[in-house]
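The values are calculated or read from the model by the stated rules, or taken from the named source; none is laboratory data. Keep in mind that this is a model prediction, so the values were computed, not measured. Glycine also receives a Cβ, built like all others from the backbone with ideal geometry; neighbour counts cover every protein chain displayed.
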Amino acid sequence: MKKIEFTLNGALRQFDIEPDETLIDLLRRIGLTGTKRGCDTGMCGSCAVVMDGRAVNACILFAFQAAGRTIDTIEGVGDFDQPHPLQVAMADAGAVQCGFCTPGIVMTAKALLDEKPDADEEDFRQHLDGNLCRCTGYVKIKEALLSCSANATASGEAS
Amino acid sequence: MSKRKFKVVNQPLRKIDSLSLALGKPAYVGDLKPADALIIKMLGSPHAHARIKSIDVSAAEAMPGVHAVLYHGNVPRIVHTTAGQGFPEPSPYDTFMFDNKMRFVGDRVAAVAAETEKIALAALKAIQVEYEVLEPVFRIQDAMKDGAPVIHDEPEAKAVIPVPYEPARNMAAKVDMEIGDMEKGLAEADETVDHPFYNHYAQHCPVEPHVSMAWLDREDRIIITTSTQVPFHCRRIVAQTLGIPVQRIRVIKPRIGGGFGAKQEIVLEDVVAMMALRTKRPVYWEYTREEEFVASRTRHPMLMRLRMGAKKDGTITAVGLDATSNTGWNGSQGLTVVCNSGSKMLPLYRCDNIHFLGMAVYTNLPAGGAYRGYGATQAAFAYESAMDELAEKIGMDPLEFRAKNHIKSGETSPVFRALGEGSEGVDQVITSCELARCIKAGAKEIGWRKRKPHTAKKGRYRRGLGMACLMQGSAIPEIDMGAATLKMNEDGSFNLLMGATDLGTGSDTVLAQIAAEQLGTTLDKIIVYSSDTDMTPFDVGAYASSTTYLSGQAVQNVAQKVRKQILKVGADMMDCKVKELTIEDSVVVRKDGSEQVTFSEIALYSMYTANQFQIGDISSKIVHHSPPPFAAHFAEVEVDTLTGQVRVVKYVAAADCGTPIHPKLAEGQVEGAVMNGICYALTEEYLFNDKGRMVNPNFGDYKLYTLSDLPEMKTILVPSYEKTGPYGAKSVAEIGINGPLPAIGNAIYNACGVRLRTGPFTAEKIWRSLQAGGEIPFEEGH
């Protein structure tokens with residue numbers, strides 16, 4: 001066992017971890033099950049969380065790699081009383097079918113929008129390249145994400 | 001066209017579970033795992049075909065933290081099918097919980113339940129197995145040869161309905177149907193085509209792999225929480241496989257992370273139930289992605305021969321389709337998938353002389369199962385490619401050729417009666433078909449009029465247009481049943497309890513819309529609880545494009561009954577006749593406007609005041625028709641003739657699904673299916689080594705498209721009104737996946753004169769075909 005400390009969804013927390021424990025295993029073990037396991041090899045994006053402002057796959061990071069950093073998970077992004085605009089947009093666009101990939105997509109898109117609020121379609125295409133969705137064909141996801149860009153909102157192209 | 005204005009149905013409402021899922025709330029099996037659950041891991045066979053000579057699990061059993069090891073020597077040997085289908089199943093009984101014979105690389109050898117995954121994996125390594133390696137067989141053509149290795153030589157293997165089944169010849173299913181005289185029809189034709197096609201292996205790739213858990217409750221009942229499309233079939237088959245009463249099992253389906261047919265199958269549940277009994281602890285089993293590829297289920301690969309003849313005027317004189325599927329190591333859904341290759345495509349065009357020969361053949365490769373499209377995908381590739389080739393031969397535009405021949409409202413096809421689910425089918429007259437409008441709308445959107453023959457194209461990058469027409473069904477008539485319970489609460493809300501299984505499609509929302517529309521209330525007043533064998537009435541589950549059409553009618557019926565009860569109580573309260581009343585927005589009003597009572601007042605009155613009773617009811621539904629949805633798909637592609645790389649520039653899907661109950665979700669069904677079909681056409685492929693081991697069971701080497709690959713995609717819903725369906729609805733879930741393979745294949749031909757008969761359409765195949773002057777020799781792929 002090893003003790004590590006990092007900022008999780010805005011609060012500094014301490015955890016006892018196994019040296020080979022992955023970040024996804026730690027998160028799910030402490031009840032943050034919004035981070036989903038789809039492949040365990042960093043190829044589907046369902047476990048995307050935001051580390052120091054960048055979207056990363058929690059299944060291919062060791063928990064100790066989070067030490068001293070800032071980790072944001074889907075649970076820290078919004079809740080029923082105050083959902084994040086991306087979460088509302090995904091729901092309203094019909095971009096949530098089975099919903100298993102949705103937290104990873106929200107986290108990845110959030111990392112992009114936090115850095116570049118006026119992200120355009122090409123930005124989303126590049127940044128979401130690691131997120132698989134088998135249900136939607138991405139059409140509604142694209143609509144939802146674009147509607148959250150300051151760019152789209154300003155020009156009234158959100159749809 | 002819609003025949004009436006709706007208030008809840010056909011409205012742009014939010015899918016009821018979408019926000020909670022976007023918030024990441026615990027919803028799926030894995031999110032609900034008890035902290036003290038034992039972890040199950042399975043030892044997979046290293047050989048494609050082998051017999052276990054000896055197995056020693058004692059070292060594994062003795063390891064600290066290991067609670068049980070299951071293998072063929074210590075579990076019941078009860079033959080069954082893993083296919084989640086109606087009873088008795090049309091799939092052969094050819095599977096055991098564990099067997100001493102291995103039939104594919106990854107077959108179940110032994111399962112361990114341990115305190116941690118690490119311990120379980122270490123225990124697998126401690127299991128000593130000695131195999132007698134047998135000669136494997138991988139290809140359809142090899143499996144059918146005299147003297148081929150027999151995969152199911154166990155005496156128990158049998159068909160449980162009267163259908164041909166010859167395991168000694170590796171034949172898992174056979175169906176033969178002729179209408180008119182195909183040979184005579186071919187002889188009468190001015191032009192004919194006769195070509196082989198091969199549909200390759202593919203997996204559903206739900207982002208959530210198969211996952212199940214089980215524990216014993218205080219009454220010693222087994223509670224199984226599982227990612228399944230068929231909770232009631234699951235309960236029945238697990239009871240059968242363990243040799244225990246159905247009564248002792250409760251199956252709960254929470255949210256599912258996608259299924260697409262893969263979860264219409266009992267893949268994990270028998271083992272988690274057995275482990276719960278053995279260990280008396282909660283147990284949890286989640287497939288790895290590799291196991292999902294190899295040991296769950298796949299699309300049935302199919303070898304086809306398509307013969308067709310037509311007159312110069314475009315009259316189709318004969319169609320012959322021979323379809324032989326590779327059903328892999330077990331025969332799950334083998335018969336019905338291949339039947340659907342005939343029944344879901346052959347009625348599409350009018351023809352008096354039709355022959356269909358379907359077979360399913362065992363091999364030592366992963367098992368086929370239900371996969372969105374269910375045989376129609378495979379047949380659409382062959383049929384719609386051949387339609388293009390025949391159109392060219394008779395000198396007709398392929399679009400005109402289809403428009404001239406496709407089935408229309410008021411017409412029937414002899415195929416409907418001749419071909420069902422392993423037996424005769426059910427006659428039906430088409431009562432809604434807007435395929436003509438789908439073709440027109442799609443052609444306009446893709447710019448069909450500017451289409452030129454490939455011979456007119458030059459340069460390195462060449463664009464082409466292709467199209468395909470499609471149909472499917474809506475539920476299995478006279479077989480499938482769905483039921484729903486509805487009860488009213490004192491605030492005017494309702495509990496809707498259904499066996500119907502939402503696997504991510506949004507059926508909970510669609511069915512709640514139907515209930516709300518019928519009741520005269522709003523969507524937010526319906527509390528949906530579905531798919532729990534203790535709590536909800538029966539439903540066959542989510543397959544065969546059935547839920548909206550079949551379960552939707554059960555919901556509509558129960559809501560109609562409850563509506564009558566509400567009106568009756570309202571009439572008592574207002575001392576008037578029911579016929580003087582109507583319902584507007586959760587309020588029962590006198591038509592003359594003189595008086596009204598709210599739903600809440602009615603519920604409170606019925607619970608507490610007078611003539612008390614629970615407002616509520618239950619309804620069941622079986623259907624007598626399976627009205628097909630129709631679609632016309634159009635693809636524009638660009639082929640790089642230097643490299644053979646093909647890119648989909650634009651894809652248009654025009655679909656007639658009757659009334660779209662939830663238009664955004666209906667579009668989403670089309671778009672998701674089309675994207676899945678595009679990946680199937682272009683990139684998805686199982687690669688096996690010569691020992692039968694899949695060498696690319698991961699998302700790095702098995703390519704699914706992401707947002708970055710999304711072509712311009714346009715979905716056009718062309719509404720019709722299906723009078724037998726709930727509010728005019730038909731199905732929409734499966735049909736979309738059938739289009740891309742033929743539409744893109746036809747577009748590639750139109751771009752550069754290359755005709756591909758084996759998917760996927762890789763750069764290598766296109767380049768080799770270009771070098772060969774248009775076509776490479778046909779071979780059965782994987």
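Restricting to segment B:740-754, name every residue that is of a type in the set (A, V, I, L, M) and either outside the structural domain of B:ARG647 (by TED's automatic domain parsing) or out of contact with any Leu (no Cβ under 8 Å at 6 or more places or on another chain) (or both).
Of everything in segment B:740-754, those that are of a type in the set (A, V, I, L, M) and either outside the structural domain of B:ARG647 (by TED's automatic domain parsing) or out of contact with any Leu (no Cβ under 8 Å at 6 or more places or on another chain) (or both) turn out to be B:LEU741, B:ALA743, B:ALA751.
Which numbered condition trips up B:VAL8, out of (1) hydrophobic (A, V, I, L, M, F, W, C); (2) over 30 Å from B:LEU121 (Cα atoms); (3) in contact with a strand residue (DSSP E or B) (Cβ under 8 Å, 6 or more places away or on another chain); (4) assigned to a loop (DSSP other than H, G, I, E, B)?
(3)
Let's see how each residue does on (1) closer than 22 Å to B:THR241 by Cα; (2) polar (S, T, N, Q); (3) part of a strand (DSSP E or B):
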| residue | (1), (2), (3) |
| --- | --- |
| B:LYS25 | no, no, no |
| B:GLY30 | no, no, no |
| B:ASP36 | no, no, no |
| B:ALA68 | yes, no, yes |
| B:ASN74 | yes, yes, no |
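Residue under question is A:THR7, and the condition is that it be assigned to a strand (DSSP E or B) and more than 14 Å from the chain's Cα centre (by Cα); does it hold?
The answer is yes for A:THR7.
For segment B:123-223, give me every one of the strands (runs of 3 or more DSSP E) that falls completely inside it and has 1 or more residues that are modelled with pLDDT of 95 or more and under 26 Å from the mean Cα position of the chain (by Cα).
By residue number, B:171-179, B:191-199, B:211-216.
With the requirement that a residue be at the interface with chain A (Cβ under 9 Å from one of its Cβ atoms) and either touching a residue at least 24 places away in the same chain (Cβ under 8 Å) or assigned to a helix (DSSP H, G or I) (or both), what does segment B:680-711 give you?
B:ASN698, B:PHE699, B:LEU704, B:TYR705, B:LEU707, B:SER708, B:ASP709, B:LEU710
What single numbered condition from (1) buried (at least 19 other Cβ atoms within 10 Å of the Cβ); (2) at the interface with chain B (Cβ under 8 Å from one of its Cβ atoms); (3) over 25 Å from B:ASN698 (Cβ atoms) fails to hold for A:ASP79?
Of the numbered conditions (1) buried (at least 19 other Cβ atoms within 10 Å of the Cβ); (2) at the interface with chain B (Cβ under 8 Å from one of its Cβ atoms); (3) over 25 Å from B:ASN698 (Cβ atoms), the odd one out for A:ASP79 is (1).
Counting only residues that are more than 14 Å from chain A (Cβ to nearest Cβ) and at negative phi, how many does segment B:207-224 have?
Selection size over segment B:207-224: 11.
Take B:THR715 and decide whether it is outside the structural domain of B:ALA559 (by TED's automatic domain parsing), crowded, with 17+ Cβ neighbours inside 10 Å and part of a strand (DSSP E or B).
Yes.
Only residues that are away from chain B (no Cβ under 12 Å) and in a loop (DSSP other than H, G, I, E, B): list them for segment A:46-76, please.
Hits for segment A:46-76 are A:ASP52, A:GLY53, A:LEU61, A:ALA67, A:GLY68, A:ARG69.
In this structure, does A:GLN87 turn out to be touching a residue at least 24 places away in the same chain (Cβ under 8 Å) and in a helix (DSSP H, G or I)?
No, not satisfied.
Which numbered condition trips up B:GLY668, out of (1) within 21 Å of B:GLY373 (Cα to Cα); (2) surrounded by fewer than 22 Cβ atoms within 10 Å (Cβ to Cβ); (3) within 13 Å of chain A (Cβ to nearest Cβ)?
(2)
If a residue has to be part of a helix (DSSP H, G or I) and away from chain A (no Cβ under 14 Å) to count, how many in segment B:500-528 make the cut?
9
Of everything in segment A:90-111, what is in contact (Cβ under 8 Å) with a residue 40 or more places away in the chain, farther than 14 Å from B:LYS25 by Cα and more than 7 Å from chain B (Cβ to nearest Cβ)? Give them in sequence order.
Within segment A:90-111, A:ALA93, A:ALA95, A:ILE105, A:MET107, A:THR108, A:LYS110, A:ALA111 meet the criteria.
Has segment B:243-253 got any residue that is among the basic types (Lys, Arg), buried (at least 24 other Cβ atoms within 10 Å of the Cβ) and closer than 21 Å to B:MET535 by Cα?
First, the residues of segment B:243-253 that are among the basic types (Lys, Arg): B:248, B:250, B:253.
Those left that are additionally buried (at least 24 other Cβ atoms within 10 Å of the Cβ): B:253.
Going one step further and asking which of them are closer than 21 Å to B:MET535 by Cα, we end up with B:253.
Checked against the condition, which is being among the basic types (Lys, Arg), buried (at least 24 other Cβ atoms within 10 Å of the Cβ) and closer than 21 Å to B:MET535 by Cα, segment B:243-253 yields at least one hit.
Answer yes or no: is there a residue in segment A:119-131 that is in a helix (DSSP H, G or I), under 19 Å from B:ALA22 (Cβ atoms) and among the charged types (D, E, K, R).
Looking through segment A:119-131, none of the residues is in a helix (DSSP H, G or I), under 19 Å from B:ALA22 (Cβ atoms) and among the charged types (D, E, K, R).
Kindly indicate whether any position in segment B:281-289 is within 14 Å of another protein chain (Cβ to nearest Cβ) and among the β-branched types (Val, Ile, Thr).
So far as segment B:281-289 goes, yes, one or more of its residues are within 14 Å of another protein chain (Cβ to nearest Cβ) and among the β-branched types (Val, Ile, Thr).
Need at least 3 residues that are crowded, with 19+ Cβ neighbours inside 10 Å, outside the structural domain of B:GLY420 (by TED's automatic domain parsing) and without any contact (Cβ under 8 Å) to a residue 40 or more places away in the chain per element, so show me which strands (runs of 3 or more DSSP E) inside segment B:578-648 make the cut, counting only ones lying wholly within it.
Filter on segment B:578-648 gives an empty set.
Hey, any hits in segment A:27-34 for a residue that's buried (at least 24 other Cβ atoms within 10 Å of the Cβ) and in contact with a His (Cβ under 9 Å, 6 or more places away or on another chain)?
No, every residue in segment A:27-34 fails to be buried (at least 24 other Cβ atoms within 10 Å of the Cβ) and in contact with a His (Cβ under 9 Å, 6 or more places away or on another chain).
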